[in-house]
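The values are calculated or read from the model by the stated rules, or taken from the named source; none is laboratory data. Treat the numbers as computed from the prediction; the structure is a model and nothing was measured. Heads up, the Cβs are rebuilt from the backbone with ideal geometry, glycines too, and the neighbour counts pull from every protein chain shown. Accessible surface is based on the protein model in full, side chains and every heavy atom, while ligands, DNA and RNA are left aside. Shrake-Rupley method; radii C 1.70, N 1.55, O 1.52, S 1.80 Å.
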Amino acid sequence: MVSIKRTIDSGLLEVFVHIVHHGGVSAAAVKTGNTKSAISKQLAALETHLQVRLFERNGRRMMLTQEGKSLFARAESILADFGQLVEDVQNQKTLVRGTVRLAASPEFGALLSEHFIPQVLARYPELKISMSLEYAFDDLHDPAIDLALRLGTVRDERLVVRHLGDLQRVLVCSKSYLKSHAIGAVDDLATAEVVLFLRDGPEPSWTLQSTANAAETCEVRLRGRFAVQGVGALARAAIGNLGVVQIPAFVAAPHIADGSLVRVLPHWDPIPLPVQLAYRAGVSRVSRVRAVIESATTIIPELLDRL
C-alpha cells in the first residue's frame, strides 16, 4: 500500500484555490504575481502529494475532477481558519472577524435573519455571517459549516449540542374547513384530513399535550392525502382548505390574526420542538465562531420566550 503524508503545504492549497477562482493557471499567475511555470509546478506538486488528478485538462480549459471538487469544498474553509489563526497569534489578541457559516431550516432561518443576525452583526462590525437554509441536516463534520440551529433531536454524539429553548407549535386549519368538519375532541383528528410534513413517515402520527397539564399527552394516528416539505407550504395548504396542519406558532400567528386560519383544539398543542445549537468539538476555539455561539446562547432563548 502506498503511504500518503497527512500534511499539506498551505501554500499549495492557496495556489489550487486561486486556479479554481480565476479559471486557470495563467490567470492565477497574474493574480498572485508568479510566473505561469511556477504555478504549474506547485499544482503538480500538490497532485503528486495527494496522488490524484485535481483537474482535467483540455487544451486551455481546466475542469475540476471529482477529487478536485471535494478538495475545493474544504480548502477555502481550511485556509480561512488557518489565516484567522495566524492573525490571532500575530496580534496577540482575539479579533472577531471573518465569516461564520450557519445552517438552519428555512422558516427558522428567516426568523433568525430578522431577530438574531442583526444583533450579532451590530455587536461585531468586522464579522460576516452566511446562512444556508435547508430542511436536511447538514454534515457538521464538514468544515464548510461551522454551526447549525436544529429543530428536534440531534443524534450525533460526536457533536457539541446546546439546548437553547423550545419552539411552540399549534394545530390550525381554515374557517371553512372547520365549519364542514367538526373537530371537538382529539379523537376527531383520526378521521380529519391533515396535511403532512414530507418527513412524517409511512404511518404518521402527532403527539399532543394538554395546555392545562403538560404531563398529559396523547398520540393520534393520522390520514392525509397531501404531504409537502415546507412549513410555509403547510400553512398555504391549510388556507386552501386541504385540512389541519401542525406548524410553528410564529408561522401561524399572522394568518390567525388576519382570519385566514383558526386554531384547532386550542386546549391541546403539539409537543414543542427543542431548538439545538450544534457544532463539532473544537470549533468554538475560533474567535469568530465562539462569538456567535455566545450570542446565540443569550439572544435566541429570549427570542423563543417571546414567540
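So here's what we get for this one:
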read-out: Of all residues making up the range 172-184, the number that are open to solvent by less than 80 Å² (accessible area, probe 1.4 Å) and in contact with a strand residue (DSSP E or B) (Cβ under 9 Å, 6 or more places away or on another chain); value: 7
read-out: Selected residue (only one of 76, 56, 47 is among the acidic types (Asp, Glu) and part of a strand (DSSP E or B)); value: 56
read-out: Among the residues listed as 187, 166, 139, the single one being closer than 23 Å to residue 271 by Cβ and outside any strand (DSSP E or B); value: 187
read-out: Residue in the range 242-254 that is in a helix (DSSP H, G or I) and either within 18 Å of residue 117 (Cα to Cα) or of a type in the set (Val, Ile, Thr) (or both) present; value: yes
read-out: Only one of 103, 148 that is open to solvent by less than 20 Å² (accessible area, probe 1.4 Å), modelled with pLDDT of 90 or more, in contact with a Ser or Thr (Cβ under 6 Å, 6 or more places away or on another chain) and in a strand (DSSP E or B); value: 103
read-out: Test: residue 125 is part of a loop (DSSP other than H, G, I, E, B) and either free of Cβ contacts under 8 Å to residues at least 24 places away in the same chain or on the phi > 0 side of the Ramachandran plot (or both); value: yes
read-out: Tally, over the range 151-161, of residues that are over 17 Å from residue 105 (Cβ atoms) and open to solvent by 60 Å² or more (accessible area, probe 1.4 Å); value: 2
read-out: Verdict on residue 248 being of a type outside the set (Gly, Ala, Ser) and either at positive phi or within 19 Å of the chain's Cα centre (by Cα) (or both); value: yes
read-out: Residue check, residue 273 touching a residue at least 12 places away in the same chain (Cβ under 8 Å) and either open to solvent by 10 Å² or more (accessible area, probe 1.4 Å) or charged (D, E, K, R) (or both); value: yes
read-out: Any hit, the range 257-267, residues being in contact (Cβ under 8 Å) with a residue 24 or more places away in the chain, under 23 Å from the mean Cα position of the chain (by Cα), open to solvent by less than 70 Å² (accessible area, probe 1.4 Å) and under 19 Å from residue 168 (Cβ atoms); value: no
read-out: Candidate set from the range 192-237 (those that are in contact with a His (Cβ under 8 Å, 6 or more places away or on another chain) and not in a loop (DSSP other than H, G, I, E, B)); member that is surrounded by the fewest Cβ atoms within 10 Å (Cβ to Cβ); value: 210
read-out: Residue check for residue 164: within 22 Å of the chain's Cα centre (by Cα) and either charged (D, E, K, R) or open to solvent by 20 Å² or more (accessible area, probe 1.4 Å) (or both); value: no
read-out: Filter result (modelled with pLDDT under 90 and of a type in the set (Gly, Ala, Ser)) within the range 106-145; value: 136, 144
read-out: Filtered residue count, the range 58-76, keeping only those that are open to solvent by less than 40 Å² (accessible area, probe 1.4 Å) and closer than 15 Å to residue 18 by Cα; value: 3
read-out: Subset tally (residues that are at pLDDT below 95, in a helix (DSSP H, G or I) and among the β-branched types (Val, Ile, Thr)) for the range 255-288; value: 1
read-out: Residue satisfying all of: in the range 280-307; in contact with a helix residue (DSSP H, G or I) (Cβ under 7 Å, 6 or more places away or on another chain) and closer than 28 Å to residue 251 by Cβ; surrounded by the fewest Cβ atoms within 10 Å (Cβ to Cβ) among these; value: 307
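Listed here are the residues, each with its yes/no results for (1) modelled with pLDDT of 85 or more; (2) of a type in the set (Ser, Thr, Tyr); (3) over 15 Å from residue 69 (Cβ atoms); (4) open to solvent by less than 30 Å² (accessible area, probe 1.4 Å).
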{"residue": "8", "(1), (2), (3), (4)": "no, no, yes, no"}
{"residue": "36", "(1), (2), (3), (4)": "yes, no, yes, no"}
{"residue": "41", "(1), (2), (3), (4)": "yes, no, yes, no"}
{"residue": "44", "(1), (2), (3), (4)": "yes, no, yes, no"}
{"residue": "53", "(1), (2), (3), (4)": "yes, no, no, no"}
{"residue": "56", "(1), (2), (3), (4)": "yes, no, no, no"}
